[in-house]
Amino acid sequence: MKKTFEGKIISLKMNKTAVIEVTTKAPHPLYKKLIKRNRNFKADTGDLTLLVGQKVKFCETRPISKEKFFKVMEVIK
């Protein structure tokens, strides 16, 4: 089963690659306050025309390059 994520595009400076930021909220182990955690993923854009700031859905795929293991599936609104 392939993992899918939703995130915001923060960079499009590479060729056919987007850097996508995924934000999750998790409780602190001791104090139970919700903490935001950000993680960046590099994803293959293929033929899609994307803009910085768009929300996208992307999924796992075979390794495309040294750091690229994801592919953008669709743009969310």
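The single condition among (1) at pLDDT below 95; (2) surrounded by 11 or more Cβ atoms within 10 Å (Cβ to Cβ); (3) not basic (K, R) that D47 does not satisfy is (2). Across the stretch 36-43, not a single residue is classified as surrounded by 12 or more Cβ atoms within 10 Å (Cβ to Cβ) and more than 11 Å from the chain's Cα centre (by Cα).
How many residues are touching a residue at least 12 places away in the same chain (Cβ under 8 Å) and either at positive phi or of a type in the set (A, V, I, L, M, F, W, C) (or both) when one looks only at the stretch 20-51? Count: 8. Screening I64 with (1) touching a Lys or Arg at 6+ places or on another chain (Cβ under 8 Å); (2) loosely packed, with under 10 Cβ neighbours inside 10 Å gives one miss only, at (2). Within the stretch 50-73, the residues that satisfy the criterion of being closer than 11 Å to G7 by Cα and either among the aliphatic types (A, V, I, L, M) or at pLDDT below 95 (or both) are V56, V72.
Summed over the stretch 49-61, the residues that are touching a Lys or Arg at 6+ places or on another chain (Cβ under 9 Å), part of a loop (DSSP other than H, G, I, E, B) and of a type outside the set (V, I, T) give a count of 2.
The values are calculated or read from the model by the stated rules, or taken from the named source; none is laboratory data. Fair warning: this is a prediction, and the values are worked out from it, not measured in the lab. A quick note on method: Cβ atoms are made from the backbone with ideal geometry, for glycine too, and the neighbour counts reach across all protein chains shown.
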